[in-house]
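Report on one structure; see the data block that follows.
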Amino acid sequence: MTEDRPVRVRMAPSPTGSFHLGSARTALFNWLYARHTGGKFLLRIEDTDQTRFVPESLDDIMESLRWLGLDWDEGVGVGGPHGPYFQSERLALYHEWADWLIKNGHAYRCYCTEERLAELRKVQMEHKQPIGYDRHCRYLSQAERAEREAGGRPSVIRFAMPLEGETGFVDLLRDARPVENRLIVDPVLLKSDGFPTYHLANVIDDHFMEITHILRGDEWLNSLPLHVNLYHAFGWEIPVYVHLPLILDPSGVGKLSKRKKKGDDGSEQLTYIWEYRKAGYLPEAMVNFLALIGWSYSAETDLFTREQAIAKFELRDINPSAGALPMSKLEWMNGIYMRTLAPADLAERLVPFVAEDLGLAPETVRAHPALAILTPAIQERLKTLADASELIDFAFKDKIEYDPQMLIAKGLDAVGSRLALEAAERRLAELPFSAEEMEQPMRDLADELRLKPGQLFGILRVATTGKNVAPPLFVSMLALGREATLARVRTAEGLLKGMAAQG
Ligand code: GLU
């Protein structure tokens, strides 16, 4: 029985577009099961539909998997004993087995032209009959076949479905009513361009790659009776099937669509893994979040590490009904994961985001002392990696821009704010430049000036960072360094002077 063989599972994406959230969930469940059982996880590329092939999606699939940390043991990019792992490089195998099916009475060549099939469809529609092939070529005589072959007629190979009986579903998680075999009308297995259809290639590869369990999206559930019949025809052992539940959009109504939508909680729904990556989510949070779409870790907690998920992941715990998770939950989780990162790790992960937002080289950001100084100061506030730049950009820029009005503290005018700032400048010039040693003397200064610390610190915050909301003031100054801090303070004094003169 399959149950006794070492577990081998696979992700078999078609390179027709970017790697989708649903594909990532499928990959994750396969990976968790492989790691849980000590089995193997394969990556096979199902590139048999030449018309839908998008070359860039190959890199996107692999990058997305790597980013999520779902490493594969065999397949594209890593090799293995069952290659090649691109279906387009396995055509000879599909031909061989399609011919085998013909020889053994399970398949036949069909010479029907597009025109004939279109005409057939038209007539069926007019008579309100079920649409489908009429098995015309299944009953051609040897002579009729020979004649068509001699005339060089293009052909496809169709599966000769059993005309009687019914096929039940063999899914581990769900029962469905068996399907009458005669209703599955001889699907095409090999197209006239010599490429197999999904059904033929998928079944042959899963067999020869010794796949034991097939975890895939439930959009394939309808194909299951056909696949089961193909396995019967070949006389091969049928793997364990687990069709994973649909992912609903975050509002909980409707299928996750490829269009952007706002979830019920107002957050934007992202579709592709690269979008989540760019939006600054951590792979740790993504894996945790994805695992919860159709599976649960425990009644007590939704937060778990990937090692904990591996330890607990059982197929029978997958919930076959459609599930959704609101984006707000991912945001919440991401914040938690962000806070648990070591500051040096977080700083490193911020580098590409800050570099891109500020138009700097990653090495420049990495080497800048401000990164290490400011990261721990903002860690608590970040929901995503993308949130950092706007809080810390002031330290990476030569010049900051802001509305001079912001320099005027509540309850003061331009002159009062300038005088406070000048006093602060003098005091700062005398103080040791460390966050701890600056704070108390500056509070004392506020007292002396009969200001609230908030008023004085507010003016200084705008003068040094150009913002009302920024990391803690003295850490921000430290990140800038004494020279730049004092220079910005003097610039602000000049602006206030100009305003007082005008006003
Ligand atoms: N190529 C199919 C897809 O992209 C694979 C389905 C399967 O896992 O059997 O969804």
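Some notes on this structure:
- Checking the stated criteria, ARG90 turns out to be of a type outside the set (Val, Ile, Thr), within 42 Å of the chain's Cα centre (by Cα) and open to solvent by less than 50 Å² (accessible area, probe 1.4 Å).
- When ILE184 is tested against the conditions (1) of a type in the set (Val, Ile, Thr); (2) closer than 30 Å to GLU74 by Cβ; (3) out of contact with any strand residue (DSSP E or B) (no Cβ under 7 Å at 6 or more places or on another chain), the lone failure is (2).
- Candidate set from segment 383-408 (those that are small (Gly, Ala, Ser) and touching a Phe, Trp or Tyr at 6+ places or on another chain (Cβ under 9 Å)); member that is surrounded by the most Cβ atoms within 10 Å (Cβ to Cβ): ALA388
- Here the condition is being touching a helix residue (DSSP H, G or I) at 6+ places or on another chain (Cβ under 7 Å), more than 30 Å from GLY294 (Cβ to Cβ) and not charged (D, E, K, R); of ALA377, ALA344, it holds for ALA377 alone.
- Selected residue [more than 16 Å from the ligand (Cβ to nearest atom), among the aliphatic types (A, V, I, L, M) and touching a strand residue (DSSP E or B) at 6+ places or on another chain (Cβ under 7 Å)] from ALA150, ALA160, ALA176, ALA146: ALA160
- Screening LEU451, LEU460, LEU480 for residues that are open to solvent by less than 40 Å² (accessible area, probe 1.4 Å) and over 16 Å from ARG418 (Cβ atoms) leaves exactly one candidate, LEU480.
- Contacts under 8 angstrom Cβ, first residue in segment 191-220 being at positive phi, partner more than 8 Å from the ligand (Cβ to nearest atom) and not in a helix (DSSP H, G or I), 6 or more apart: GLU210/ARG5; GLU210/ARG8; GLU210/HIS82
- Taking the listed residues ALA492, ALA500, the one that is assigned to a helix (DSSP H, G or I), in contact with a helix residue (DSSP H, G or I) (Cβ under 8 Å, 6 or more places away or on another chain) and open to solvent by less than 10 Å² (accessible area, probe 1.4 Å) is ALA492, with no other qualifying.
- Only listed residue being open to solvent by 40 Å² or more (accessible area, probe 1.4 Å), closer than 30 Å to ALA322 by Cα and among the small types (Gly, Ala, Ser), chosen from ALA176, ALA118: ALA176
- Residues being open to solvent by 50 Å² or more (accessible area, probe 1.4 Å) and touching a strand residue (DSSP E or B) at 6+ places or on another chain (Cβ under 6 Å) - total across segment 121-143: 1
- Scanning segment 33-59 for residues that are touching a helix residue (DSSP H, G or I) at 6+ places or on another chain (Cβ under 6 Å), closer than 20 Å to LEU290 by Cα and touching a residue at least 60 places away in the same chain (Cβ under 8 Å) yields ARG35, HIS36.
- For segment 95-106, the tally of residues that are of a type in the set (Phe, Trp, Tyr) and out of contact with any helix residue (DSSP H, G or I) (no Cβ under 6 Å at 6 or more places or on another chain) stands at 1.
- Considering only residues in segment 194-218 that are open to solvent by less than 10 Å² (accessible area, probe 1.4 Å) and closer than 14 Å to GLU89 by Cα, the one that is nearest to the ligand (Cβ to nearest atom) turns out to be ASN202.
- Residues being assigned to a helix (DSSP H, G or I) and in contact with a helix residue (DSSP H, G or I) (Cβ under 9 Å, 6 or more places away or on another chain) - total across segment 79-89: 2
The rows are residues; the columns are (1) within 27 Å of ASP171 (Cβ to Cβ); (2) of a type outside the set (Ser, Thr, Tyr); (3) part of a helix (DSSP H, G or I).
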residue	(1), (2), (3)
GLU284	no, yes, yes
VAL287	yes, yes, yes
SER298	yes, no, no
ALA309	yes, yes, yes
PRO320	yes, yes, no
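- The residue of segment 219-244 that is farthest from the chain's Cα centre (by Cα), among those that are assigned to a loop (DSSP other than H, G, I, E, B) and surrounded by fewer than 20 Cβ atoms within 10 Å (Cβ to Cβ), is GLY235.
- Residues located in segment 9-25, provided they are near the ligand (Cβ under 10 Å from one of its atoms), within 18 Å of GLU56 (Cα to Cα) and part of a helix (DSSP H, G or I): SER23
- LEU65 fulfils the conditions (1) aliphatic (A, V, I, L, M); (2) open to solvent by less than 50 Å² (accessible area, probe 1.4 Å); (3) more than 14 Å from the ligand (Cβ to nearest atom) except for a single criterion, (3).
The values are calculated or read from the model by the stated rules, or taken from the named source; none is laboratory data. These figures come from a predicted structure and were not determined experimentally. Positions of Cβ are generated from backbone atoms using ideal geometry, with glycine treated the same way; all protein chains shown enter the neighbour counts. Note: accessible area is taken over every heavy atom of the protein model, side chains too, but ligands, DNA and RNA are not part of it. Shrake-Rupley method; radii C 1.70, N 1.55, O 1.52, S 1.80 Å.
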